[in-house]
Every structure is written in structure tokens, then in C-alpha cells.
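Chemist: Below you'll find the structure I mean.
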Amino acid sequence: MPEDIDTPDHDASTPGTTVSPDSPGMDTTTSDTYRNTRFAAVPRATPCEEGRTSLSASRLNRTFQRSYLQRRYTPYRTPRIRKVVSSTADRTNTSEVTEPADYRGLARCSLHVYHVTPLYRCRWDRAGLKQLSDGLTLHLAQLGTVGDSSMYRTAVAVKENADDRFAVEIIVKRKDTTGRAGSLYSVLCNMEGEETPPEHFTLLPLLLMKGPVTLQNAVVRWLEQRFDCRVCTMFLQPCNLLWAMALGLIRADTHKAKQQTLDLHFDVPLKDVGLSKMSLEIPIKHARSLFTSIAQDGENDIQLEELCLFRQVMETHMFEYFRIHVDTMKLSLVATPVLYADKNGRLKILSADHVPAVLRMMTSFALERSPITMCSLGSK
Amino acid sequence: LKMAAEEEENLDVSDVQPEEILRPFNKMPVLNTATVLLVGSHRTGKMALARAMVDACADTGLKLQVRTTTSLPLPEENTDTRPRIDYIVFIIDLTNGHSFSTVESAVQYVDVEYFLGRACFVVTNAKSTSDQCVEMEEVARLADMYNTMYLCGGMEEDSERTYLAGRVLRLVEVSAGRKNVSPLLMDLTCRQLSFQDEQTEFYTD
């Protein structure tokens, strides 16, 4: 915490010694390194919960913030700043004339989101891809009923993006029906993150799948077998859902005529009484004006503190007007005009323009959960 | 120095009155008795923990009184009849964000002497990560800010609750003067006082 520059007047750990004013000073340099998460280049000021000081214990806090105390706990470090770029900036970024990546397959359908550990030993040339699709076909043939040798046709393709990033597309089609019914479309990608994985590994931490659940499970098992990785459903925690909501609010087009709302669904811990879910609907215009008044204007980066402040504002409003303690409940679903995100790892992006930004955010969530980043953060 | 100036002006706007702060040494201790205050919002399991603690020390010769509250400061009208609070336990339920915010506001009403070994944070529901609203990181940050240890425990099952009550009771006995050791010394032995970068588990109680 950055408050340790203060001179200590109550050194509680060693009651026998006298207070020495130079002890906190030497820790400021080390504390700054912990500020540099992947996303923040600038150390931030106090987070919102430490702004209030207490008459009695504040002096104790200030004396004691040694940097080593901060690193012992959970490996999940939430970054303090995220880039939530508004849609206007998107258009200026794509100044290249190259064909933009085709995101239409991912828009307007409900996707299951998984996070994947690095993939081992994959060759992404034509022969390698042919091998992969053959392997997948064989694996899926075991799914079919007896007598039905192969009902699926698979295609594994690699798509390149403008930024030199590549994504792997896996398409599984049923042979007997035409169209998209019963077929699976999935994309393995890495939209963000500059970690270089170890040798022989490829880092593609985000997997999006659309299709029947049996097919999804089969493809997941094949991926785990073929690439020696772990594929897990990405359960979005309430803080992740808040980031998704922020993205939705920033990018929402408020000039549309129809009434748009920001929906927040909460899990209520009152199942025995009969109430299990509570949903809160806020008109987008109001939510957006509140958010822009909280967020510092002109910046595209949203701070964690601003998001916390937004959440606290909503909670106090609900308490004042409805006497509902929203903070006892867990946020389970966020619905904005741009995207729907659910705590069980389901995602729906409503327009192809917003797909890159949403995928970037999901990749950052996936990277937070991956063991490579945890190891790299731990060794810093 | 800039931080010191900020701190001064923050002190001016804080609304904690000096008489509302809970102090440990305002009253005299009583032989073989201890009073514990459990602070936590609704439905965090205070009553169950209180009963478990009283049951656990039924035969140790220590007369334990457990008081519970959902918020601090404590009401003024009971100030004279209330015995000296020897130990404070702040209960945080990770599935309930409200419990964390009540504890955060409650710690401001507690004198600094309590954080030298006479208080602890108890974190419940730390195992079921799927239902959690409060991040463990935030609780750890709060505990770091006040340099107070935190215990993780369960409140659902009886065995877990009695185990947790036993751990808290050991700390309460030290704080009540039964073990002839200052609680500050006990608190010191729970942490390592080295200043390197690599730190392992602190609280091995």
C-alpha cells in the first residue's frame, strides 16, 4: 500500500526498540514493483476502501506496510487497470486495409467460454492441421452409435489476425443435416498477452464453443488428450462480470430508439424461503451517465476503484430506496445491449463490431487463471 | 511527507468520535473471567460460534462471556454495565459482501491496542470458491492493514465450529491473562520479522 511513506509513530512489532524514521523509506522502491501488474504502467493511488482512515488504527496501518506482506496469499491478482476501449477508438486502430478477421461466426450466438492451459507440441502448418482434423474425426467416431461409422466431418483451420495473432478454428459438422443445426463451431485464440510460453508450447488460453453439449465435451476431451492441456469452464466471478458490464456500458450505442436496459441478476441466499434470483434493470442512459461521471473522462482505461465505486453506488441506492442489501448477494448475470455474460461461463456478443474487445477481455480473464501467469507473477 | 499531510486532513473529516472507540484498558479485569465480542453482520454464525466457545471452556475454570454485535460503535447506554472486552473477533463470510463492509467500518471504532494481539478476523466459507463474493485477497489486505491474524474456518458443521472455537479460545485465554504471557508477545511469535522478498506462510497457528 502506498501509505508507507509516512513516518511511523507507533512501531508495534518491536515494542522494545525506538522508532526509526528510515525504515519505511527503504521499502518504497520495492513496493513500487508490485504496483506494476501486466496492465498498469503507472502506480495508482489508494483504492477506495482505504480512503477512509480511522482515528485509532490509521497510524498503526501507516507504519506497517512492508511490501513483502503483500505477496503471500492467493495467486489470483486482480489487475487494477484494464483497457476498456470505446468503440470510436476501435475504428481508428484498424487503419490497415487488410480484410478484418471474420467475427461473424462468434456474434449473436451463445458461447461457452473455457480457459485452456498451454498446448503442447502442435504444428500449425497444413499437414499438421490435416492430422489434427483426422484425429478429431476418429475421436468423434467413437461418439456415434453402433453402425454409424462417422457422422461428423471436421475441419481445423488457422486464421490470422491483423496483429499477427492467430486463432484456431475447429468446425464439426454433421454429415446428414445441412446447416448449423447440430454442428459445433469453436475458436481457440489469444487476443492479448505478451507472455511467451516455454518451448514447444503454444499459448491459446481462450476457447469459445458454440454447439451441442455432447459435441463440446467430446472436443474438449480430444483437446486435452492431443495437446496435454487442461480445459476448464471459465466461471466468471462477480468482479469479472463487473468488468464485462463496464465494457458493455462504454460501448453501448445510446442513440438506438428502443428502450435498452442494463440487467443485473443476483443470486439470493434465500432458497428455503422460495426466492432464488433477483434481477435489477436500469435504463442504459442512466447507467451510462453514472458511469461516465465516475470514470475519469478522456481515458480509456477503467480503474478497479471506479468499478468498485459504481458497485457501491448501486448498492447504496438499492438500500436507500428498497431496503435491499445487494451486497449480500452474488452477481450472476450481466446483460447489456452489447453482451450477455453469465457466471457459468456463457457469453453472448450481440454484434460483430464488439467481438475483438470482448475477446480481449475474456483472454485477460483466462490468462489470470492460467498457471503460467501465476508462476511469472510469483517469480517477479 | 505528502502522505502525512493527506493523513492529517483525512483525520479531520473522519466521523469517529473519541468516546465511541472501544478501548481495552478503560476498566479493570476480573479474575478468571473473560469477555469476547463477536462482530459480524447477520447470518454469519455468531450465535453458533458463541455457543461453541462457551461449551468449549465449560470445564477450564474460565468464566467466559460472549457478546455479539452487528456493528460498532456499541450503544452508549450500556457502557457502564458492560464488562471489559478482552478480545474481539471480526467475522467475515466470504459469500456475503455485506459482512466484509460491516467489518471494514467496524474496525475504525476499535482502539489500536486491540490490534496488538487482542483481536482476530475469522473468515468463513473460504472453501466454496464458487459462491464467494468477497475475494480472499481483500480480506488478506484488510488483515495486513491492521496487522492482525486471520483464521479460516467453517461454521456449517459442528466439528468445524468446535475446532474454530477452540482456536479462538486459546487466543482469548492469553488475552485474559490466564497464561502469564502478554498477548503482544504471542502475536509476535506468529509472524516472521525478516525483510526479504520471499515470504512463506506467516500465521502458522
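Chemist: Run down A:THR202, A:THR178, A:THR196, A:THR233 and say which single residue is at pLDDT 85 or above and of a type outside the set (Gly, Ala, Ser).
Modeler: On the way: A:THR202 fails: at pLDDT 85 or above; A:THR178 fails: at pLDDT 85 or above; A:THR196 fails: at pLDDT 85 or above.
Testing whether each residue is at pLDDT 85 or above and of a type outside the set (Gly, Ala, Ser) leaves just A:THR233.
Chemist: With B:SER14, B:SER41 as the choices, which residue is at pLDDT 90 or above and facing chain A (nearest Cβ under 9 Å)? Break it down stepwise before answering.
Modeler: Values: B:SER14 fails: at pLDDT 90 or above.
On inspection, the qualifying residue turns out to be B:SER41.
Chemist: Name the residues in region B:17-38 that are within 14 Å of chain A (Cβ to nearest Cβ) and either within 14 Å of the chain's Cα centre (by Cα) or in contact (Cβ under 8 Å) with a residue 60 or more places away in the chain (or both), would you? It would help to see each step written out before you state the result.
Modeler: Of region B:17-38, the ones within 14 Å of chain A (Cβ to nearest Cβ) are B:17-26.
Result: B:GLU20, B:ILE21, B:LEU22, B:ARG23, B:PRO24, B:PHE25.
Chemist: Okay, next question. Out of all the residues in region B:71-99, which are within 12 Å of another protein chain (Cβ to nearest Cβ), open to solvent by 10 Å² or more (accessible area, probe 1.4 Å) and over 13 Å from the mean Cα position of the chain (by Cα)?
Modeler: B:PRO73, B:ASP93, B:THR95, B:ASN96, B:GLY97, B:HIS98, listed by residue number.
Chemist: Only one residue in A:VAL213, A:VAL219 is of a type in the set (Val, Ile, Thr), surrounded by 17 or more Cβ atoms within 10 Å (Cβ to Cβ) and either farther than 16 Å from A:ALA155 by Cα or modelled with pLDDT of 85 or more (or both). Which one?
Modeler: Numbers: A:VAL213 fails: surrounded by 17 or more Cβ atoms within 10 Å (Cβ to Cβ).
Every option except A:VAL219 fails the conditions.
Chemist: Six or more apart or on different chains, Cβ under 8 Å: which pairs go from a residue in region A:116-137 that's within 20 Å of A:TYR152 (Cα to Cα) to one that's in a helix (DSSP H, G or I) and among the β-branched types (Val, Ile, Thr)? Could you list them?
Modeler: A:LEU136/A:VAL219
Chemist: May I pose another question? Select from region B:113-126 the residues that are at the interface with chain A (Cβ under 9 Å from one of its Cβ atoms) and open to solvent by 20 Å² or more (accessible area, probe 1.4 Å) and list them in ascending order. Reasoning before the result, please.
Modeler: To start, the set of residues in region B:113-126 that are at the interface with chain A (Cβ under 9 Å from one of its Cβ atoms) comprises B:113-116.
Once the filter is applied, which keeps residues that are at the interface with chain A (Cβ under 9 Å from one of its Cβ atoms) and open to solvent by 20 Å² or more (accessible area, probe 1.4 Å), region B:113-126 yields B:GLU113, B:LEU116.
Chemist: Exactly one of (1) touching a residue at least 60 places away in the same chain (Cβ under 8 Å); (2) at positive phi; (3) within 11 Å of chain A (Cβ to nearest Cβ) is unmet by B:ASN147. Its number?
Modeler: Checking B:ASN147 against (1) touching a residue at least 60 places away in the same chain (Cβ under 8 Å); (2) at positive phi; (3) within 11 Å of chain A (Cβ to nearest Cβ), the one that fails is (1).
Chemist: Separate question: Any residue that is outside any helix (DSSP H, G or I), among the acidic types (Asp, Glu), touching a Phe, Trp or Tyr at 6+ places or on another chain (Cβ under 6 Å) and farther than 21 Å from A:ASP353 by Cα - is there at least one of those in region A:226-235?
Modeler: yes
The values are calculated or read from the model by the stated rules, or taken from the named source; none is laboratory data. What you see is a predicted model; the values in this text were computed from it and never measured. Positions of Cβ are backbone-derived with ideal geometry, glycine not excepted, and every protein chain shown enters the neighbour counts. For the accessible areas, the whole protein counts, side chains as well, though only heavy atoms, and no ligand, DNA or RNA atoms are used. Shrake-Rupley method; radii C 1.70, N 1.55, O 1.52, S 1.80 Å.
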